[in-house]
1. Antiparallel versus total DSSP beta bridges in the chain: what percent is that, nearest 5?
2. In what sequence, largest accessible area first, do Asp124, Asp243 appear using a 1.4 Å probe?
3. Tell me what the chain gives for mean residue ellipticity at 222 nm when only DSSP H runs of n ≥ 4 count, each as -39,500 (n - 2.57), the sum divided by the residue total, rounded to 500 deg cm²/dmol.
4. Which is farthest toward the positive dipole end of region 201-303 among Gly277, Gly237, Val287, measuring Cα position about the Cα centre, with Cβ charges +1 (Lys, Arg) and -1 (Asp, Glu)?
5. Any lysines with Cα under 17 Å of the Lys272 Cα? List them, leaving off those in the same chain fewer than 8 positions away.
6. Can you give the local net charge around Leu55? Use residues other than it whose beta-carbon is closer than 9 angstrom to its beta-carbon, Lys and Arg +1, Asp and Glu -1.
7. With all pairs of different alpha carbon atoms counted, what Kirkwood hydrodynamic radius in Å does region 227-291 show?
8. Ignoring solvent entirely, what values of log10 I(q)/I(0) come out of the Debye formula for region 104-223 at 0.11, 0.12 Å⁻¹ when each Cα is a single scatterer?
Amino acid sequence: MKTSLLLLLALGLPAFAADAPVPAATPAKPKLKIIPGKVIFPTNPGEMRRPWGELISIDPVTRTGKFRNEGDDQVMSFTILPYAELLHHATLGDIQDFLPGERAIFRLHEDDKGEWTWLSYIQDEMNMMNGHKEFYHVTAVDPAKGTITADWPTADGALMREKGLVLETTPETHIWKNAEPAKFSDIKVGDLLRERSHGAGAGKRRIAWDLFIDQASLDAFQAKQKIVHADRIKTQGAPGYVDQTSGTGLSLTMFPEGSDLIKDLKAGGKVKVAPAGVDRSATAKAVAATVTEAKTVGRYLTLALTLDAGGAPFQVAGLARLWRE
(Lines give C-alpha, C1' and ligand atoms only; values in the text may rest on other atoms or scores of the structure.)
Protein backbone atom coordinates (compact mmCIF):
# COMPACT_ATOMS: atom_id res chain seq x y z
CA MET A 1 0.00 0.00 0.00
CA LYS A 2 2.85 2.37 0.94
CA THR A 3 4.59 1.67 -2.37
CA SER A 4 1.37 2.34 -4.31
CA LEU A 5 0.83 5.61 -2.45
CA LEU A 6 4.36 6.78 -3.22
CA LEU A 7 3.88 5.89 -6.90
CA LEU A 8 0.65 7.91 -7.09
CA LEU A 9 2.33 10.92 -5.49
CA ALA A 10 5.30 10.61 -7.84
CA LEU A 11 2.96 10.65 -10.83
CA GLY A 12 1.12 13.69 -9.50
CA LEU A 13 -2.10 11.76 -9.08
CA PRO A 14 -4.45 12.23 -6.11
CA ALA A 15 -4.26 9.54 -3.44
CA PHE A 16 -7.63 8.31 -2.18
CA ALA A 17 -8.16 6.19 0.88
CA ALA A 18 -9.09 2.63 0.00
CA ASP A 19 -12.59 3.15 1.31
CA ALA A 20 -13.05 6.71 -0.04
CA PRO A 21 -15.87 7.12 -2.59
CA VAL A 22 -14.78 7.66 -6.19
CA PRO A 23 -16.10 11.01 -7.51
CA ALA A 24 -19.01 10.49 -9.87
CA ALA A 25 -18.48 11.47 -13.49
CA THR A 26 -20.39 14.57 -14.59
CA PRO A 27 -23.34 13.30 -16.61
CA ALA A 28 -23.41 14.34 -20.25
CA LYS A 29 -25.83 17.16 -20.93
CA PRO A 30 -28.76 15.79 -22.92
CA LYS A 31 -29.25 17.21 -26.39
CA LEU A 32 -31.97 19.80 -26.71
CA LYS A 33 -34.61 18.37 -29.02
CA ILE A 34 -37.24 20.13 -31.08
CA ILE A 35 -40.77 19.33 -29.92
CA PRO A 36 -43.67 20.05 -32.30
CA GLY A 37 -45.79 22.85 -30.93
CA LYS A 38 -42.96 24.40 -28.90
CA VAL A 39 -40.58 27.22 -29.76
CA ILE A 40 -37.15 25.62 -29.30
CA PHE A 41 -33.81 26.66 -30.81
CA PRO A 42 -31.12 24.00 -30.12
CA THR A 43 -27.85 25.90 -30.51
CA ASN A 44 -25.30 23.99 -28.40
CA PRO A 45 -22.45 22.06 -30.08
CA GLY A 46 -23.82 19.01 -31.84
CA GLU A 47 -27.38 20.40 -31.87
CA MET A 48 -27.13 22.53 -35.01
CA ARG A 49 -25.30 22.93 -38.29
CA ARG A 50 -24.91 26.25 -40.10
CA PRO A 51 -23.57 25.81 -43.63
CA TRP A 52 -23.33 28.62 -46.13
CA GLY A 53 -25.30 27.67 -49.19
CA GLU A 54 -26.98 28.69 -52.40
CA LEU A 55 -30.77 28.49 -52.33
CA ILE A 56 -32.16 26.21 -55.04
CA SER A 57 -35.87 26.21 -54.30
CA ILE A 58 -38.39 27.11 -51.62
CA ASP A 59 -42.10 26.18 -51.51
CA PRO A 60 -44.41 28.51 -49.55
CA VAL A 61 -47.22 25.92 -49.41
CA THR A 62 -45.27 23.04 -47.87
CA ARG A 63 -42.56 25.29 -46.37
CA THR A 64 -39.87 23.02 -47.74
CA GLY A 65 -36.89 23.67 -49.97
CA LYS A 66 -33.42 22.75 -51.14
CA PHE A 67 -30.03 24.44 -51.10
CA ARG A 68 -26.55 23.59 -52.30
CA ASN A 69 -23.99 23.45 -49.52
CA GLU A 70 -21.04 25.55 -50.70
CA GLY A 71 -18.65 23.47 -48.65
CA ASP A 72 -19.09 20.23 -50.59
CA ASP A 73 -21.66 21.00 -53.34
CA GLN A 74 -24.11 18.58 -51.68
CA VAL A 75 -27.78 19.38 -52.30
CA MET A 76 -29.62 19.45 -48.97
CA SER A 77 -33.37 19.40 -48.30
CA PHE A 78 -34.99 21.34 -45.48
CA THR A 79 -38.35 21.84 -43.79
CA ILE A 80 -38.89 25.29 -42.32
CA LEU A 81 -40.06 25.16 -38.71
CA PRO A 82 -43.23 27.23 -38.14
CA TYR A 83 -41.34 29.68 -35.89
CA ALA A 84 -38.16 29.81 -38.00
CA GLU A 85 -36.59 33.22 -38.49
CA LEU A 86 -36.27 34.12 -42.17
CA LEU A 87 -33.89 37.07 -42.10
CA HIS A 88 -33.68 39.12 -45.28
CA HIS A 89 -32.28 42.54 -46.13
CA ALA A 90 -30.81 42.65 -42.61
CA THR A 91 -34.15 42.24 -40.85
CA LEU A 92 -37.20 39.97 -40.63
CA GLY A 93 -38.62 38.57 -43.84
CA ASP A 94 -40.58 35.64 -45.19
CA ILE A 95 -40.35 32.92 -47.82
CA GLN A 96 -41.28 35.16 -50.75
CA ASP A 97 -38.33 37.48 -50.07
CA PHE A 98 -35.73 34.85 -50.98
CA LEU A 99 -34.68 34.28 -54.59
CA PRO A 100 -33.25 31.09 -56.11
CA GLY A 101 -29.48 31.31 -56.17
CA GLU A 102 -29.27 33.58 -53.13
CA ARG A 103 -26.36 32.97 -50.76
CA ALA A 104 -27.27 32.58 -47.10
CA ILE A 105 -26.60 30.65 -43.90
CA PHE A 106 -29.00 27.76 -43.25
CA ARG A 107 -29.31 26.67 -39.60
CA LEU A 108 -30.34 23.01 -39.46
CA HIS A 109 -31.33 20.61 -36.69
CA GLU A 110 -32.03 16.89 -36.50
CA ASP A 111 -35.60 15.88 -37.29
CA ASP A 112 -37.47 13.02 -35.62
CA LYS A 113 -35.62 10.57 -37.90
CA GLY A 114 -32.20 11.90 -36.95
CA GLU A 115 -31.71 13.67 -40.29
CA TRP A 116 -30.53 17.28 -40.51
CA THR A 117 -33.58 18.76 -42.23
CA TRP A 118 -35.38 21.00 -39.71
CA LEU A 119 -34.49 24.62 -40.37
CA SER A 120 -34.72 27.33 -37.69
CA TYR A 121 -33.35 30.22 -39.75
CA ILE A 122 -32.22 31.36 -43.13
CA GLN A 123 -29.93 34.33 -42.60
CA ASP A 124 -29.02 36.31 -45.68
CA GLU A 125 -25.53 37.72 -46.15
CA MET A 126 -26.63 41.27 -45.30
CA ASN A 127 -28.16 40.21 -42.00
CA MET A 128 -25.15 38.17 -40.92
CA MET A 129 -22.61 40.91 -41.62
CA ASN A 130 -24.75 43.74 -40.28
CA GLY A 131 -25.56 41.82 -37.09
CA HIS A 132 -21.87 41.08 -36.47
CA LYS A 133 -20.84 44.65 -37.49
CA GLU A 134 -18.49 43.16 -40.08
CA PHE A 135 -17.39 44.32 -43.54
CA TYR A 136 -15.37 43.14 -46.50
CA HIS A 137 -12.15 45.22 -46.45
CA VAL A 138 -11.21 46.03 -50.06
CA THR A 139 -7.56 45.24 -50.89
CA ALA A 140 -7.68 45.38 -54.71
CA VAL A 141 -10.03 46.43 -57.52
CA ASP A 142 -9.91 45.13 -61.10
CA PRO A 143 -12.16 47.22 -63.40
CA ALA A 144 -11.35 45.07 -66.45
CA LYS A 145 -12.62 41.91 -64.76
CA GLY A 146 -15.21 43.66 -62.62
CA THR A 147 -13.84 41.98 -59.51
CA ILE A 148 -13.01 43.17 -56.01
CA THR A 149 -10.52 41.42 -53.74
CA ALA A 150 -11.15 41.78 -50.02
CA ASP A 151 -10.34 40.44 -46.58
CA TRP A 152 -13.07 39.53 -44.11
CA PRO A 153 -12.06 40.04 -40.47
CA THR A 154 -14.31 39.95 -37.43
CA ALA A 155 -15.39 43.33 -36.09
CA ASP A 156 -12.73 43.28 -33.34
CA GLY A 157 -10.01 42.09 -35.71
CA ALA A 158 -9.31 39.04 -33.56
CA LEU A 159 -10.11 36.57 -36.35
CA MET A 160 -9.70 36.64 -40.11
CA ARG A 161 -12.73 34.77 -41.44
CA GLU A 162 -11.38 34.79 -44.98
CA LYS A 163 -8.45 36.47 -46.72
CA GLY A 164 -8.24 37.43 -50.38
CA LEU A 165 -11.82 36.53 -51.22
CA VAL A 166 -13.15 37.68 -54.59
CA LEU A 167 -16.40 39.58 -55.09
CA GLU A 168 -17.62 39.35 -58.67
CA THR A 169 -19.84 41.89 -60.43
CA THR A 170 -21.89 41.69 -63.62
CA PRO A 171 -23.78 44.31 -65.64
CA GLU A 172 -26.79 43.46 -63.44
CA THR A 173 -24.95 44.33 -60.19
CA HIS A 174 -26.32 47.40 -58.40
CA ILE A 175 -23.80 49.50 -56.46
CA TRP A 176 -24.97 51.86 -53.71
CA LYS A 177 -23.36 54.78 -51.89
CA ASN A 178 -25.16 57.22 -49.59
CA ALA A 179 -28.32 55.21 -50.39
CA GLU A 180 -28.03 56.31 -54.03
CA PRO A 181 -26.91 54.44 -57.17
CA ALA A 182 -23.13 54.48 -57.62
CA LYS A 183 -20.57 53.14 -60.11
CA PHE A 184 -17.90 50.46 -59.99
CA SER A 185 -15.31 53.26 -60.24
CA ASP A 186 -16.56 54.58 -56.89
CA ILE A 187 -15.10 51.51 -55.15
CA LYS A 188 -11.59 52.13 -53.80
CA VAL A 189 -8.94 50.14 -51.94
CA GLY A 190 -9.64 50.56 -48.24
CA ASP A 191 -13.42 50.74 -48.65
CA LEU A 192 -15.62 48.68 -46.37
CA LEU A 193 -18.28 46.76 -48.31
CA ARG A 194 -21.24 44.55 -47.71
CA GLU A 195 -23.20 42.75 -50.40
CA ARG A 196 -26.16 40.63 -51.38
CA SER A 197 -24.91 37.89 -53.67
CA HIS A 198 -25.75 34.68 -55.48
CA GLY A 199 -23.74 31.62 -56.40
CA ALA A 200 -22.98 29.98 -59.72
CA GLY A 201 -24.31 26.44 -59.22
CA ALA A 202 -21.00 24.98 -58.04
CA GLY A 203 -18.18 25.85 -55.69
CA LYS A 204 -18.04 28.99 -53.57
CA ARG A 205 -18.50 32.19 -55.56
CA ARG A 206 -19.88 35.58 -54.60
CA ILE A 207 -21.61 37.21 -57.57
CA ALA A 208 -23.11 40.46 -56.34
CA TRP A 209 -26.69 41.49 -56.91
CA ASP A 210 -26.11 44.55 -54.69
CA LEU A 211 -22.93 46.11 -53.28
CA PHE A 212 -23.18 48.57 -50.39
CA ILE A 213 -20.23 50.95 -50.01
CA ASP A 214 -21.52 52.40 -46.74
CA GLN A 215 -23.87 51.76 -43.83
CA ALA A 216 -26.42 54.30 -45.05
CA SER A 217 -27.04 52.26 -48.21
CA LEU A 218 -27.64 49.04 -46.28
CA ASP A 219 -29.86 50.90 -43.80
CA ALA A 220 -32.05 52.13 -46.68
CA PHE A 221 -32.65 48.55 -47.87
CA GLN A 222 -33.31 47.45 -44.31
CA ALA A 223 -35.87 50.23 -43.77
CA LYS A 224 -37.80 49.23 -46.91
CA GLN A 225 -37.85 45.57 -45.82
CA LYS A 226 -39.17 46.54 -42.38
CA ILE A 227 -42.12 48.31 -44.02
CA VAL A 228 -42.82 45.30 -46.26
CA HIS A 229 -42.71 42.95 -43.27
CA ALA A 230 -44.89 45.15 -41.07
CA ASP A 231 -47.56 45.41 -43.79
CA ARG A 232 -47.43 41.65 -44.33
CA ILE A 233 -47.94 40.88 -40.63
CA LYS A 234 -50.74 43.42 -40.36
CA THR A 235 -52.54 41.72 -43.25
CA GLN A 236 -51.74 38.05 -42.56
CA GLY A 237 -51.77 38.29 -38.75
CA ALA A 238 -49.08 37.64 -36.15
CA PRO A 239 -48.26 33.90 -36.02
CA GLY A 240 -48.03 31.72 -32.93
CA TYR A 241 -48.57 28.29 -31.40
CA VAL A 242 -51.73 27.15 -29.63
CA ASP A 243 -50.70 26.10 -26.11
CA GLN A 244 -54.11 25.33 -24.55
CA THR A 245 -57.80 25.35 -25.40
CA SER A 246 -60.69 25.06 -22.97
CA GLY A 247 -64.20 26.13 -23.91
CA THR A 248 -63.83 29.79 -24.88
CA GLY A 249 -60.33 29.97 -23.39
CA LEU A 250 -57.28 29.99 -25.64
CA SER A 251 -53.57 30.32 -24.78
CA LEU A 252 -50.94 31.22 -27.36
CA THR A 253 -47.17 31.62 -27.61
CA MET A 254 -46.48 34.26 -30.23
CA PHE A 255 -43.48 34.17 -32.56
CA PRO A 256 -41.06 37.14 -32.47
CA GLU A 257 -41.67 38.03 -36.11
CA GLY A 258 -45.03 39.58 -35.16
CA SER A 259 -43.76 41.44 -32.11
CA ASP A 260 -44.13 44.95 -33.53
CA LEU A 261 -47.86 44.35 -34.04
CA ILE A 262 -48.61 42.86 -30.62
CA LYS A 263 -45.82 43.87 -28.21
CA ASP A 264 -47.98 46.35 -26.26
CA LEU A 265 -51.06 44.13 -25.93
CA LYS A 266 -52.49 44.15 -22.41
CA ALA A 267 -55.39 42.57 -20.53
CA GLY A 268 -58.63 43.92 -21.94
CA GLY A 269 -57.22 44.33 -25.45
CA LYS A 270 -59.42 43.27 -28.35
CA VAL A 271 -58.10 40.92 -31.03
CA LYS A 272 -59.20 38.45 -33.66
CA VAL A 273 -57.69 34.99 -33.93
CA ALA A 274 -57.93 32.12 -36.40
CA PRO A 275 -56.40 28.64 -36.68
CA ALA A 276 -53.75 28.24 -39.38
CA GLY A 277 -52.42 25.39 -41.50
CA VAL A 278 -48.97 24.14 -42.46
CA ASP A 279 -48.46 27.12 -44.76
CA ARG A 280 -49.41 29.34 -41.77
CA SER A 281 -52.43 30.75 -43.61
CA ALA A 282 -55.73 30.99 -41.71
CA THR A 283 -57.93 27.93 -42.22
CA ALA A 284 -61.17 29.33 -40.73
CA LYS A 285 -62.88 32.64 -40.14
CA ALA A 286 -61.25 34.70 -37.41
CA VAL A 287 -62.99 34.80 -34.03
CA ALA A 288 -63.13 37.96 -31.91
CA ALA A 289 -61.47 37.63 -28.52
CA THR A 290 -60.41 39.59 -25.45
CA VAL A 291 -56.93 39.41 -23.93
CA THR A 292 -57.15 38.25 -20.31
CA GLU A 293 -53.39 38.03 -19.74
CA ALA A 294 -50.26 39.05 -21.62
CA LYS A 295 -46.80 38.06 -20.38
CA THR A 296 -43.39 38.55 -21.97
CA VAL A 297 -40.75 35.95 -21.23
CA GLY A 298 -37.48 36.69 -23.02
CA ARG A 299 -38.35 37.29 -26.67
CA TYR A 300 -41.73 35.62 -26.45
CA LEU A 301 -45.17 37.01 -25.68
CA THR A 302 -47.70 34.57 -24.27
CA LEU A 303 -51.38 35.45 -24.42
CA ALA A 304 -54.44 34.12 -22.63
CA LEU A 305 -57.62 34.93 -24.58
CA THR A 306 -61.34 34.58 -24.03
CA LEU A 307 -63.12 33.96 -27.32
CA ASP A 308 -66.35 35.86 -27.91
CA ALA A 309 -67.79 32.70 -29.47
CA GLY A 310 -66.66 29.07 -29.62
CA GLY A 311 -66.54 26.77 -32.61
CA ALA A 312 -63.24 27.63 -34.27
CA PRO A 313 -61.20 24.41 -34.58
CA PHE A 314 -58.08 25.38 -32.62
CA GLN A 315 -55.74 22.47 -31.94
CA VAL A 316 -53.12 22.29 -29.21
CA ALA A 317 -49.63 22.46 -30.82
CA GLY A 318 -51.30 23.82 -33.95
CA LEU A 319 -50.79 27.24 -35.45
CA ALA A 320 -52.82 30.41 -35.15
CA ARG A 321 -52.88 33.92 -36.62
CA LEU A 322 -53.81 36.97 -34.57
CA TRP A 323 -54.87 40.50 -35.52
CA ARG A 324 -55.39 43.66 -33.50
CA GLU A 325 -58.91 45.05 -33.46
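The values are calculated or read from the model by the stated rules, or taken from the named source; none is laboratory data. Since the structure is predicted, the reported quantities are computational estimates derived from the model, not experimental observations. Here Cβ is always computed from backbone atoms with ideal geometry, including for glycine, and neighbour counts include all displayed protein chains. The area values use the complete protein model at the heavy-atom level, side chains included, leaving out ligands, DNA and RNA. Shrake-Rupley method; radii C 1.70, N 1.55, O 1.52, S 1.80 Å.
1. On the way: 81 of 91 bridges.
If I count the DSSP bridges inside the chain, around 90 percent turn out antiparallel.
2. Working: Asp124 0, Asp243 50 Å².
Result, largest first: Asp243, Asp124.
3. Working: 4 runs with 42 residues, N = 325.
Per the formula, -4000 deg cm²/dmol.
4. Comparing the listed Cα positions along the dipole, Gly277 ranks first.
5. Straight-distance partners of Lys272: Lys234, Lys263, Lys285.
6. Charge balance in the 9 Å sphere: +1.
7. Values: mean 1/r = 0.0793 Å⁻¹.
It works out to 12.6 Å.
8. Cα-only, vacuum Debye calculation for region 104-223: -0.40, -0.47.
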